[in-house]
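Notes follow the structure.
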Amino acid sequence: MEVVYALLILVVLFVIVMLARTVRIIPQARAGIVERFGKYKETLPAGLNIVVPFVDRVRYLIDLREQVVSFPPQPVITEDNLVVSIDTVIYFQVTDPIAATYEIANYIQAIEQLTMTTLRNIVGGMDLEETLTSRDQINSGLRGVLDEATGKWGIRVNRVELKGIDPPPSIKDSMEKQMRADREKRATILTAEGGRQAAILTAEGEKQSAILSAEGARESQILRAQADREAAILRAQGEGQAIQTVFQAIHDGQPDQSLLAYQYLQMMPKIAAGDANKVWVIPSEITKALEGLGSSVHEIAGIPHKVDGPLKRVDMGSTEAPTLRGSGALDDELSMANKAVEDAIAEAERSANPGRNSEGAHLAEPPDDAVSDDTTGAPPA
């Protein structure tokens, strides 16, 4: 019985081993390379697969997903004999598991070496400035060369990226100084342009201010001149009305010789006023007025006789200030005022000299009474 149990256990173990070597499970996005007696037989897809135990063997399991490989920095000499360190990143994918297994022993190492040699060829034809600014051009050149070389290996290179380009420390320092100088230059240029624009705007503002000030001064002078003109017109009209009022008062009061003599006496203190007046001359009109102060017989030329009947009134005109509407209206009103003044003066002359006609000729001889009979020998008035 013990022998039977041992045999059963051996049979079970054999069956388990046989199943394990017969049934093979391939993960998703993987491919299994099967060899029979060391020779390629088939490629197992993802899932459950059956192989002949002890005859077929799954030798390689190939990953069909896109892979990323980063290579360490490698020294590269540029066209201007500067050594730069460049590290790259390769994105590739296995498209043919059989070729990737049997065409090359280590495709990752092969891609790395091919990348370094191609990179030296491309960067060797560029200077440092072009190398630093032509990443897209270098990436495109690398991808084209790698894709062509790895096609027979069953590998497709999807993308190549330069992760870093490090120039020597001395070159870095020089580049920093150059960039600093360039930035300072741009800052100086921008500052100068700002000052220029500020000066232009300031000059334009001063120009506009001067123009506005000149226009304001011109308008002010024009308005002041118009105001002076209107004031002169109103003053002339006021003087004309004042003359008319004085003449009317004199005409209504009928002054005589005594009034004129009294007026002359009032003027004598004004004539003698002043510290510098040591010698002063009395006009002859004052002596004539004093001679006739107590006499009612003599008459002074220019004093009208007392007339009987109603007095003739002089038209005073409108005492209201005229409304200034324009230069034409002001000129017309001024002409009317001047004409009224002239008429009033002419009327006063006719009233003061009743013995003369309008042309100035004597209508009658003066009476003999006009000759003074004073024994002092003073001339007649």
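The values are calculated or read from the model by the stated rules, or taken from the named source; none is laboratory data. What you are looking at is a predicted structure, and each value in this text was computed from that prediction instead of being measured. As a convention, Cβ positions derive from the backbone with ideal geometry for all residues, glycine included, and neighbour counts pool all protein chains shown. Surface areas here come from the heavy atoms of the whole protein model, side chains and all, with no ligands, DNA or RNA. Shrake-Rupley method; radii C 1.70, N 1.55, O 1.52, S 1.80 Å.
Observations
- Over segment 107-216, accessible surface divided per residue gives 64 Å², non-protein components excluded, 1.4 Å probe.
- Unit Cα scatterers, Debye sum, segment 125-172: log10 I(q)/I(0) for q = 0.13, 0.14, 0.27 Å⁻¹: -0.40, -0.45, -0.99
- Loop trypsin sites (Lys or Arg not before Pro), segment 1-77 (other Cβ atoms within 10 Å of the site Cβ: 14 or fewer; DSSP): Arg65
- Under-5 Å amide H pairs with Arg24, H placed in peptide plane, nonlocal only: Asn49, Ile50, Val51
- A Förster radius of 30 Å, combined with the Cβ-Cβ distance separating Glu2 from Ile25, puts the computed FRET efficiency at roughly 0.20.
- Qualifying chymotrypsin sites (Phe, Trp or Tyr not before Pro) in segment 1-92, DSSP loop, other Cβ atoms within 10 Å at most 11: Phe37, Phe54
- Reciprocal mean inverse distance between Cα atoms of segment 1-60 - Kirkwood radius, Å: 12.9 Å
- Accessible area in the full protein assembly, largest first, 1.4 Å probe, for Met1, Met18, Met126: Met1, Met18, Met126
- The label-point distance for Ser170 and Val58, in a model that sets each label 7 Å from Cα toward Cβ, rounds to 5.9 nm.
- Estimated distance in nm for a label pair at Arg135 and Glu184, the labels positioned 7 Å out from Cα along Cα-to-Cβ: 2.9 nm
- Carbon + sulfur, % of accessible area of segment 7-61 - ligands and nucleic acids excluded, 1.4 Å: 68 percent
- Heavy-atom accessible surface of segment 43-97, averaged per residue, reaches 53 Å², computed with a 1.4 Å probe.
- Accessible surface for Met116 stands near 10 Å², nearest 10, in the context of the full protein assembly shown (1.4 Å probe).
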